[in-house]
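Worksheet for the structure shown next.
What follows is calculated from the coordinates using simple rules that are stated; it is not laboratory data. Just so it is clear, the structure is predicted and the values come from calculations on it, not from any experiment. When we count neighbours, we look across all protein chains shown, and the Cβ atoms used for this are built from the backbone with ideal geometry, even at glycine.
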Amino acid sequence: RDSAYVYSKQGATIGITGRRSDKLKTVYKKCKDLGGNPISITLDVKNQDDCKKSAEYFIDKAGGIDTVIANAGVGGPDKIFSGSSSAINHILKTNILGVTNTVLPFLPTMKNKQSGQIVIISSIASTRGFLGHGGYAASKSAVKFLADAWGYQLERNNISISTIFPGWIATE
């Protein structure tokens with residue numbers, strides 16, 4: 001949300017997405033108040049089809065795409081002794097598939113334009129596992145390696161890719 005506010009102050013057209021429409025409305029309003037041109041889309045990044053449709057919608061409304069920031073992320077304990085893989089699978093699906101579902105639908109347009117920028121939010125936790133949160137660390141390591149692997153192909157098409165490794169961030 002802070003990135004959305006920075007870009008809005010510059011008058012940019014930005015796409016903002018999230019699962020919770022009430023939170024999205026709040027961010028949309030502030031972006032508008034700051035001078036931005038927000039395009040708001042409620043979606044779950046785990047849903048590949050919705051992400052593709054949302055990317056197409058944004059490209060159509062905005063007239064193209066310059067930068068994609070993939071900030072899919074949830075945390076939580078692995079709950080490895082629960083007898084269920086539900087908790088860790090939720091983290092892995094959101095954090096890994098959320099990034100691929102966010103980024104890949106925009107790449108054909110960027111390739112055709114021969115320009116663009118991809119930013120993937122990983123985590124300092126990607127450097128090693130930590131007690132009880134191996135799923136989170138592994139998912140953030142996975143997106144780091146995806147970005148590394150994609151770099152050569154993207155750069156050949158004048159698309160840059162950056163990975164950001166924030167430390168601990170207090171969220172809901």
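Fully extending the segment from I80 to K9, taken as 0.36 nm per residue of separation minus the present Cα-Cα distance, adds 21.1 nm. Electrostatic bookkeeping for N89 treats Lys and Arg as +1 and Asp and Glu as -1; over the other residues with beta carbon under 15 Å from its beta carbon, the sum is +1.
Extension gain for D49 to T67 (0.36 nm times residue separation, less C-alpha to C-alpha distance): 4.4 nm. Straight Cα distances below 17 angstrom link K144 to the aspartates and glutamates E155, with same-chain residues fewer than 8 positions distant left out. Once the convex hull of all Cα atoms in the chain is built, its volume per residue stands at 116 Å³. Listed values for region 152-159 are Karplus-derived 3J(HN,Hα) couplings in whole Hz (6.51 cos²θ - 1.76 cosθ + 1.60, θ = phi - 60°), namely 4, 5, 5, 4, 5, 10, 6, 10, and x replaces Gly and Pro. Amide H to amide H, with H built 1.01 Å from N, G116 comes under 5 Å of S160, counting only residues 5 or more places away or on other chains.
If the reach is capped at under 22 angstrom between alpha carbons, list the lysines near K32, excluding any in the same chain fewer than eight residues apart. Qualifying lysines at Cα under 22 Å: K9, K23, K61.
For the chain, a crude dipole built from +1 on the beta carbon of Lys and Arg and -1 on the beta carbon of Asp and Glu, taken about the Cα centre, is about 200 debye to the nearest 20. Pairs of Cα atoms nearer than 8 Å and 6+ residues apart set the relative contact order; for region 64-156 it is 37 percent.
Other residues within the sphere of radius under 15 Å centred on the Cβ of S141, judged by their own Cβ, net out at +1 (K and R +1, D and E -1).
Sequence-ordered 3J(HN,Hα) estimates for region 127-132 from the Karplus curve with 6.51, -1.76 and 1.60 and θ = phi - 60° stand at 7, 5, x, 9, 2, x Hz, glycine and proline given as x.
Close amide H partners of I14, meaning residues 5 or more places away or on another chain with modelled amide H under 5 Å apart, are N37, I39.
Would you tally the net charge around N157, using a Cβ to Cβ cut-off of less than 10 Å, leaving N157 out, and scoring K and R as +1, D and E as -1?
Details: positive: K111, K113, R156; negative: E155.
That works out to +2.
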